[in-house]
Amino acid sequence: LGKDINTQAYQQNAIMSINGWQYAVWYNENRHVCMGRRQLPGGKWEVITFSDYVFGAGDERRAHDTHNNIMMGVCPKDGTIHVSWDHHMHPLNYRVSSKGAATQPENTKWTAKLFGPVLHQLRPGITPIVTYPRFIITPDSGLQLFYRSGIRSSDEICVIHTYNPETSSWSAP
């Protein structure tokens with residue numbers, strides 16, 4: 001990738017452990033989003049490569065912007081795995097797994113079909129401009145998404161969405 005986008009100090013939640021399994025997200029040499037998992041303590045890594053999205057495609061400057069890192073979150077209440085990537089004052093890029101992927105990993109086949117398509121909206125009709133997204137597990141085992149929104153750093157605001165595991169939907173900020 002030129003610059004090492006996978007190991008920036010401000011990147012959060014690129015690797016996490018839940019229910020005896022470890023998960024990691026990164027960009028590969030072809031700038032595809034990858035997600036791996038393994039059973040702890042020393043299981044073999046299983047890797048999904050999402051080839052339906054190329055980080056920075058068509059914009060070489062963006063392709064080397066290390067602010068466009070990748071992160072994930074897990075909602076313990078429904079076992080969904082959430083992934084967000086390629087943001088530095090750009091529209092949202094996001095996908096989510098089927099329910100139970102993280103809470104029942106031994107019963108879950110690790111393939112790209114486990115995840116839905118790339119989404120650019122959390123709610124219909126609203127495509128946020130995103131910088132530095134972060135998934136946070138709430139004290140009640142829910143999930144929130146924090147990010148800066150706006151097209152210039154001087155105009156950005158902090159936005160917080162809350163995921164509802166019962167409806168698989170995000171709240172309005």
Among the numbered conditions (1) modelled with pLDDT of 95 or more; (2) surrounded by fewer than 20 Cβ atoms within 10 Å (Cβ to Cβ), tell me where Y163 comes up short.
(2)
Quick check on this structure: which one of D86, D78 is surrounded by 14 or more Cβ atoms within 10 Å (Cβ to Cβ), acidic (D, E) and at positive phi?
D86
Report, by residue number, each residue of the stretch 154-167 that is under 29 Å from I18 (Cα atoms) and part of a strand (DSSP E or B).
C158, V159, I160, H161, T162, Y163, N164
Sort out which residues of the stretch 107-130 are free of Cβ contacts under 8 Å to residues at least 60 places away in the same chain, out of contact with any Ser or Thr (no Cβ under 7 Å at 6 or more places or on another chain) and open to solvent by 30 Å² or more (accessible area, probe 1.4 Å), and write them in order of number.
N107, K109, K113, L119, R123, P124, G125, I126, T127
Residue check: is G142 open to solvent by less than 40 Å² (accessible area, probe 1.4 Å), under 15 Å from the mean Cα position of the chain (by Cα) and of a type in the set (G, A, S)?
no
Can you name the number of the only condition in (1) open to solvent by 70 Å² or more (accessible area, probe 1.4 Å); (2) at pLDDT 95 or above; (3) touching a strand residue (DSSP E or B) at 6+ places or on another chain (Cβ under 9 Å) that I157 fails?
(2)
Strands (runs of 3 or more DSSP E) contained in the stretch 36-153 and holding at least 1 residues more than 27 Å from E166 (Cα to Cα), at pLDDT 85 or above and of a type in the set (S, T, N, Q):
46-54
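The values are calculated or read from the model by the stated rules, or taken from the named source; none is laboratory data. Computed from a prediction, not measured in an experiment: that's the story for all the values here. No Cβ is skipped: glycine too gets one built from the backbone with ideal geometry, and neighbour counts run over all protein chains shown. For accessibility, only protein heavy atoms count, side chains too; no ligands or nucleic acids. Shrake-Rupley method; radii C 1.70, N 1.55, O 1.52, S 1.80 Å.
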